[in-house]
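Coordinate-derived values only; no laboratory data. The structure presented is a predicted model; accordingly, all values stated were derived computationally and were not measured. Using ideal geometry, Cβ is built from the backbone for each residue, glycine included, and neighbour counts are taken over all protein chains shown.
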Amino acid sequence: MSRAALAAAQQGLAHLPGDAGVLYAAALSFEELGQADAALAHYDRALCVAPQHEDALHNRGLLLARQRLGDLMLDAVHHSAMTTACDALAAALPVLTLRGTAMASRAGESLLRAAGLPELVAADQDSYVAQALQLASDPPRLAAYRRRLAARAGPLFDTATRVRELETAFVQEWRQGARRA
C-alpha cells in the first residue's frame with residue numbers, strides 16, 4: 001500500500017463515527033497478532049495494513065493470520081490483487097474491488113464473481129470510495145460477508161468441480177489433436 005493510499009484510507013476512517021485505530025502489521029509474529037487484535041478491539045474502526053513481508057512470503061499461515069485481523073480488504077485500483085485476494089477470500093476476509101479495463105485490473109472482479117459476491121465490485125472510483133465507507137460503517141454487513149465466505153459456497157471454492165472441468169478440457173484437447181494427426 002502506497003503512502004498516499006494509506007493516507008486516503010486514514011482520512012476515510014476519520015469521517016466515520018467512533019474512534020479509529022491504525023495498525024501496520026508487516027512485522028508481527030503470531031503472538032503479536034493476538035495482542036494487536038486485542039489492541040484494535042478498543043477501537044470502533046480499525047485499519048490493518050499488512051503488506052507482503054518476507055516472513056509472509058514464506059509462511060502462508062502468517063499471511064492468512066494477518067488477513068484475519070481485517071474486516072475488509074480494499075483491492076488496489078489499477079492492478080487487482082490476485083493471489084492476495086484469493087488468500088483473503090480463503091481467510092473469509094471480504095474484498096472490495098474496482099471494475100477494471102485491463103486483465104491486471106479485472107482479476108479481483110473475476111474472483112469476487114466466482115465467490116458469489118459480485119456486489120463487491122464497484123463500477124467506478126466514486127462508487128468504490130462510497131462503498132468502502134458504507135461497508136466500514138456497517139459491521140453486521142461485513143460479518144455477513146465473512147459468514148458467506150466461511151461457508152465456502154460458490155464456484156471459487158468448488159475445487160473438485162474445477163479439477164473435473166480442467167481434466168475434461170485436457171481430454172477434449174487431446175482427442176481433437178489425435179483426430180488431426
Original post:
What about residue 93, is it in contact with a helix residue (DSSP H, G or I) (Cβ under 7 Å, 6 or more places away or on another chain) and in a helix (DSSP H, G or I)?
Top reply: no
Original post:
Failed condition for residue 80, given (1) touching a strand residue (DSSP E or B) at 6+ places or on another chain (Cβ under 9 Å); (2) part of a helix (DSSP H, G or I), with all others met?
Top reply: (2)
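Quick one: how many residues across the range 105-133 are in a helix (DSSP H, G or I), surrounded by 13 or more Cβ atoms within 10 Å (Cβ to Cβ) and of a type outside the set (Lys, Arg)?
15
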Subject >> In the range 118-138, residue farthest from residue 100 (Cα to Cα) [restricted to those that are acidic (Asp, Glu) and without any contact (Cβ under 8 Å) to a residue 24 or more places away in the chain] >> reply: 138
Subject >> Subset of the range 139-164 that is surrounded by 12 or more Cβ atoms within 10 Å (Cβ to Cβ), over 16 Å from the mean Cα position of the chain (by Cα) and free of Cβ contacts under 8 Å to residues at least 12 places away in the same chain - its residue that is nearest to residue 64 (Cα to Cα) >> reply: 158
